[in-house]
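The values are calculated or read from the model by the stated rules, or taken from the named source; none is laboratory data. The structure presented is a predicted model; accordingly, all values stated were derived computationally and were not measured. All Cβ positions, glycine included, derive from the backbone under ideal geometry; neighbour counts span all protein chains shown.
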Amino acid sequence: MSDDEPATLEQRVTLMDPEAVTRVLARMSREIVERNEGTADLVLLGIRRRGVELAERIQAVMEAEEGVAIPSGALDITLYRDDLGTVGPRPVIGESTLPLEGIDDRTVVVIDDVLYTGRTARAAMNELMDWGRPSRIFFCVLVDRGGRELPIQPDIVGRVVSALPDQVVEVLVPEEDGRLAVELITRATETP
Amino acid sequence: MSQRPMLLKGGRVVDPSQGLDDHVDVLLTEGKVSKIGTALPRPEGTEEVDCAGTVIVPGLIDVHVHLREPGGEHKETIATGARAAAAGGFTAVCAMPNTDPVIDSPATVGFVAAAGREAGSARVYPVGALSIGQKGERLTEIGELVEAGAVAITDDGRPVMDSGLMRLALEYAQAFDIPVADHPEDLGLSRNGVMNEGVVSARLGLAGKPNASEDVHILRDLLVAELTGGHIHIQHVSTRQGIEAIRQAKARGVRVTAEATPHHLLLTDEAVEGYRTDAKMNPPLRSDADRDAVREGFLDGTLDTLATDHAPHHYDEKEQAFDDAPFGIVGLETVVGLILTHLVHTGEMDLSTFVERASVQPARAFRLPGGTLVEGGVADVTVLDLDREWTVDPSLFLSRSRNTPFTGWDLRGGPVRTVVGGRTIWTLAEGSRS
Amino acid sequence: MSEPARPLGKDLVGLEDLSADQIRTILDTAEPFKEISERRIKKVPVLRGQTIVNLFMEPSTRTRISFEFAEKRLSADTVNISSTGSSVQKGETLVDTARNLEAMKIDMVVIRHWASGAARFLAERIPSNVVNAGDGSHEHPTQALLDLLTLRDHLGDLAGRRVCVVGDILHSRVARSNIWGLLKLGAEVGVCGPRTLLPRGIESFGVEVFNRIEEAIEWADALNILRLQLERMKGGFVPSLREYNRVYGVSTARLEKAPRDVLILHPGPMNRGVEIDSDVADGPQSVILKQVTNGVAVRMAVLYLLAGGSPERAEAAKRRGMGG
């Protein structure tokens, strides 16, 4: 952010501490296994960026509790976004990495950090269709903050939060941010 | 056709042909300069022109313009070209013969002369082709061309590549006392070049014409002129080596006159950056060193004649890829301001030398009336305001074309009145009077 | 998101106009695009609904096909216009062609033209994005970018690496774009060819000049060997193809004398037995086919980075706060 922009006063409130996030992820892991009636044909795919770390945590819980290896991967939906015309291209495009077994006839669990407008979920599903034909897709998010612009609902939710349009819900993971938490940010623009 | 006498009063008269630089009045009667002096008598019915604060000089003459008629009337006509000349302060121009058809017969020469008279503006002197169809093969009927009004011969637009033909022209033309003008370019060396060969052409990926393509041709012309004793007029010199060759030839008595153009005096090939077709001309704009040499030659008189090489082109001909666009820029309506601003006001050249290069010497080189305000001479006069400030705006040109690299240049000084044969053909206040 | 809405500006006319960072952005963006061509469905919807015209005023199969693959893999709608049989050959000027394209509301033009400066000419006259696919002897930026990507794949960081462009530098847009791109990425650049095919003043670009191929091979980490256009024979720039091969041809015998393995690039199409011998072209040091693969990825990256909306709309979008 450049210096000449008006100073923004940022207010951060912690919605979930590390323990809360860990507990919720463990519960989500169990819910996935329950919905799938076991771990057969499960594939976990995190949406870049924070969804990948969350998926890894869910995978760890699941593998420990079920005692089997669960295939996982990452989805980068940059090229499937619908806002190129408004925000322009993002120069950094991550790679999509899928498990070697592929996703045909599998139960794919798409994992993301925050569900807001629903556009990321739409893009993720479009991308999955280009990769193959899953038998079932579950959509799984740590936080649903409301504010949908598309008729999309999650199958498994960690926590529901009612955030105002100018508020931001941030999921923080140690790999990227140095800590595990969910925070609500309120920005008020003030004249200094 | 009798006309009212005109008294130019209160101006500074600068006429190097008679070593004059003084505040005197000039009386023009019956198309002649009848009297120069202070407190002149004023015949009945005299039109008095207040020239206080201005400079009165012998009418400027441009020996190198392309008026495009016949065949290129969408670019310029003899009438529009003559009016553009008047608006640029010129009382006479020499029209190059590379039209369609080529001016290579008495009839076509006569056509240009008649159309010039009819325009009733600046005088238009036809220049005849050197070879039939400008093909570089056989001489035109030079004697008949001169009889019809041609004041010189040239194949300008293209060089005379055949040295034997050049020898014949320089020998044969002597009987008629006209210069043989040549566009110096060795086509074998310039090949398909579209700009100067140098760092800029290497970067832009455009084919270049090396200096040597002009140099060897200038040297050839000088040697053949020396051989024959004929008068060679080298057009639009742009290279330092070419200028040095002319300087040496003059020193050993070769009959050579040579042109400097405003663009080669002021610009370099940097002006081509961005593929600007308004900076595409032949010979091309060259390096800093060449531009400096052109200036030096123009100051010391090696390049004795100021000529614009006024080359109008329709806007959509220039609105093309650089390779496709034609060579040439217009020059008549900008040259006086450019030279006053960038050479005279800077102190490099005194006003009298400017008048020498732009009027006295062109008249002498092409044996034209004018170039002097001596009593009894033609009443061709240019009045200059050395301090008027203006900006080059091609939309105001009287020329039919607008192709100039000088758009937007802020200039100081320019013509305010042009008088031909004692009659005002243009004033700044009223625009064209014709 | 704090990255600029348009990392490249409106057009890609030449590498001379780009910064080192912009070149690196294109190369980095090309990396993930390589993977798309490996997928079963080799297509992403990022340019869906965008119309791209491939305006090829000079014959070219390779570059046009590479662009077309790139466009189709990004889901753009493409139209090809080539000089044969088009109105351009019937005397239509470039400016009229440009205006007509504009009137049809297109988003991008990929232009190949025989005149230097043609891409810039078009870019200055239409609001669509313009990509230079080779203009006269001026630049061929996407070719140089794919060369850079291939070099980087094999040599890593190009800073301090020595790359020599061999052949007709005078008439080559590939050479010019390579020289600018390599210099900006910090490589040392050499040129090697007969003096008749080196532009006067080439040293001022900041390159080493080699008159003999043996010297270039001894010096270089990589050779980018240009195609010898057969027209150059007619122009008398080289006496004969046989002589060219004997003096400048890259052969295994010559490469064996090199102090290190020299990477071999060629923009194609090759004249085997003229500028390059077959055992070199097909040999272990050749990365010529990798260049072709990288060509599609680089062009996808360029089209992607040029696409997109106006900075004002981007600002509005940012204020609205985009997100999942």
query: Going by the conditions given, is C:GLY181 of a type outside the set (Lys, Arg), in contact with a Cys (Cβ under 9 Å, 6 or more places away or on another chain) and either more than 14 Å from every other protein chain (Cβ to nearest Cβ) or farther than 19 Å from C:GLY249 by Cα (or both)?
result: no
query: When only residues in the range B:15-40 that are of a type in the set (Ser, Thr, Tyr) and in contact with a Gly (Cβ under 9 Å, 6 or more places away or on another chain) count, which is farthest from B:GLY371 (Cα to Cα)?
result: B:THR29
message: Conditions first: (1) within 14 Å of another protein chain (Cβ to nearest Cβ); (2) in a helix (DSSP H, G or I). A:ALA55 passes all but one, so which condition is the exception?
response: (1)
message: When you check C:THR51 against the structure, is it under 15 Å from the mean Cα position of the chain (by Cα), more than 10 Å from chain A (Cβ to nearest Cβ) and not small (Gly, Ala, Ser), yes or no?
response: no
message: Which numbered condition in (1) at positive phi; (2) more than 10 Å from chain C (Cβ to nearest Cβ) is the only one that A:VAL157 fails?
response: (1)
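Regarding the range C:275-284, can at least one residue be identified that is hydroxyl-bearing (Ser, Thr, Tyr) and closer than 23 Å to C:ARG62 by Cβ?
Scanning the range C:275-284, I find at least one residue that is hydroxyl-bearing (Ser, Thr, Tyr) and closer than 23 Å to C:ARG62 by Cβ, so the answer is yes.
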statement: Of (1) outside any loop (DSSP other than H, G, I, E, B); (2) surrounded by fewer than 18 Cβ atoms within 10 Å (Cβ to Cβ), B:GLY53 fails just (1)
Odd one out for C:LEU94, checked against (1) surrounded by fewer than 21 Cβ atoms within 10 Å (Cβ to Cβ); (2) more than 19 Å from the chain's Cα centre (by Cα); (3) not basic (Lys, Arg): (1)
message: Out of everything in the range B:408-429 that is outside any strand (DSSP E or B) and not small (Gly, Ala, Ser), what residue ends up being farthest from B:LEU338 (Cα to Cα)?
response: B:LEU428
query: Out of all the residues in the range B:384-400, is one or more within 29 Å of B:GLY31 (Cβ to Cβ), touching a His at 6+ places or on another chain (Cβ under 9 Å) and among the hydroxyl-bearing types (Ser, Thr, Tyr)?
result: yes
Search result, residues across the range B:11-45 that are of a type in the set (Gly, Ala, Ser) and more than 11 Å from B:SER352 (Cα to Cα): B:GLY11, B:GLY31, B:SER34, B:GLY37, B:ALA39, B:GLY45
- request: Could you list, in sequence order, all residues of the range C:6-64 that are of a type in the set (Ser, Thr, Tyr) and over 30 Å from B:ASP324 (Cβ atoms)?
  value: C:SER19, C:THR25, C:THR29, C:SER37
- prompt: Looking at the range A:58-88, which of its residues are within 14 Å of chain C (Cβ to nearest Cβ) and within 19 Å of the chain's Cα centre (by Cα)?
  reply: A:GLY73, A:ALA74, A:LEU75, A:ASP76, A:ILE77, A:THR78, A:LEU79, A:TYR80, A:ARG81, A:ASP82, A:ASP83
message: Scan the range C:217-228 and tell me whether some residue there is closer than 28 Å to C:ASP157 by Cα and exposed (fewer than 13 other Cβ atoms within 10 Å of the Cβ).
response: no
- request: Go over the candidates A:GLY146, A:GLY178, A:GLY132 one by one and state the one that is within 10 Å of another protein chain (Cβ to nearest Cβ) and not charged (D, E, K, R).
  value: A:GLY132
Verdict on B:LEU222 being away from chain C (no Cβ under 14 Å), crowded, with 20+ Cβ neighbours inside 10 Å and either over 23 Å from B:VAL330 (Cα atoms) or among the small types (Gly, Ala, Ser) (or both): yes
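Enumerate the helices (runs of 4 or more DSSP H) found wholly within the range C:235-283, keeping only those where 3 or more residues are under 17 Å from C:GLY193 (Cβ atoms) and in contact (Cβ under 8 Å) with a residue 12 or more places away in the chain.
In the range C:235-283, C:241-248 are the helices (runs of 4 or more DSSP H) which contain 3 or more residues that are under 17 Å from C:GLY193 (Cβ atoms) and in contact (Cβ under 8 Å) with a residue 12 or more places away in the chain.
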- prompt: Exactly one of (1) more than 9 Å from every other protein chain (Cβ to nearest Cβ); (2) buried (at least 16 other Cβ atoms within 10 Å of the Cβ) is unmet by C:ILE65. Its number?
  reply: (2)
- prompt: Has the range C:31-43 got at least one residue that is farther than 23 Å from C:THR150 by Cα and either at the interface with another protein chain (Cβ under 9 Å from one of its Cβ atoms) or surrounded by 21 or more Cβ atoms within 10 Å (Cβ to Cβ) (or both)?
  reply: yes
field: Among residues of the range C:270-299, those that are in contact with a His (Cβ under 9 Å, 6 or more places away or on another chain) and of a type in the set (Asp, Glu), counted
entry: 1
query: Using beta carbons and a limit of 6 Å, which pairs, at least six apart or on different chains, have the first residue in the range C:93-114 and within 11 Å of another protein chain (Cβ to nearest Cβ) and the second one charged (D, E, K, R)?
result: C:VAL95/B:GLU319; C:ALA98/C:ARG125; C:HIS113/C:ASP135; C:TRP114/C:GLU58
message: Checking the condition within 11 Å of chain B (Cβ to nearest Cβ) and either among the acidic types (Asp, Glu) or over 20 Å from the mean Cα position of the chain (by Cα) (or both), which residue from C:ARG195, C:ARG176, C:ARG120, C:ARG200 passes?
response: C:ARG200
task: Identify all residues within the range B:304-327 that are of a type in the set (A, V, I, L, M), within 14 Å of chain C (Cβ to nearest Cβ) and surrounded by 24 or more Cβ atoms within 10 Å (Cβ to Cβ); write none if there are none.
output: B:ALA321
task: With a cut-off of at least 1 residues that are surrounded by 16 or more Cβ atoms within 10 Å (Cβ to Cβ) and in contact (Cβ under 8 Å) with a residue 60 or more places away in the chain, name the strands (runs of 3 or more DSSP E) lying wholly within the range A:60-173.
output: A:107-115, A:136-144, A:156-160, A:167-172
query: Can you tell me which residues in the range B:248-262 are under 20 Å from B:VAL360 (Cβ atoms) and either more than 19 Å from the chain's Cα centre (by Cα) or assigned to a strand (DSSP E or B) (or both)?
result: B:LYS250, B:ARG255, B:VAL256, B:THR257, B:ALA258, B:GLU259, B:ALA260
task: Could you list, in sequence order, all residues of the range B:15-42 that are surrounded by 13 or more Cβ atoms within 10 Å (Cβ to Cβ) and either among the hydroxyl-bearing types (Ser, Thr, Tyr) or assigned to a loop (DSSP other than H, G, I, E, B) (or both)?
output: B:SER17, B:VAL24, B:THR29, B:GLY31, B:SER34, B:LEU40, B:ARG42
- line: Out of (1) away from chain B (no Cβ under 14 Å); (2) surrounded by fewer than 20 Cβ atoms within 10 Å (Cβ to Cβ); (3) at pLDDT 95 or above, the one C:VAL209 does not meet is (1)
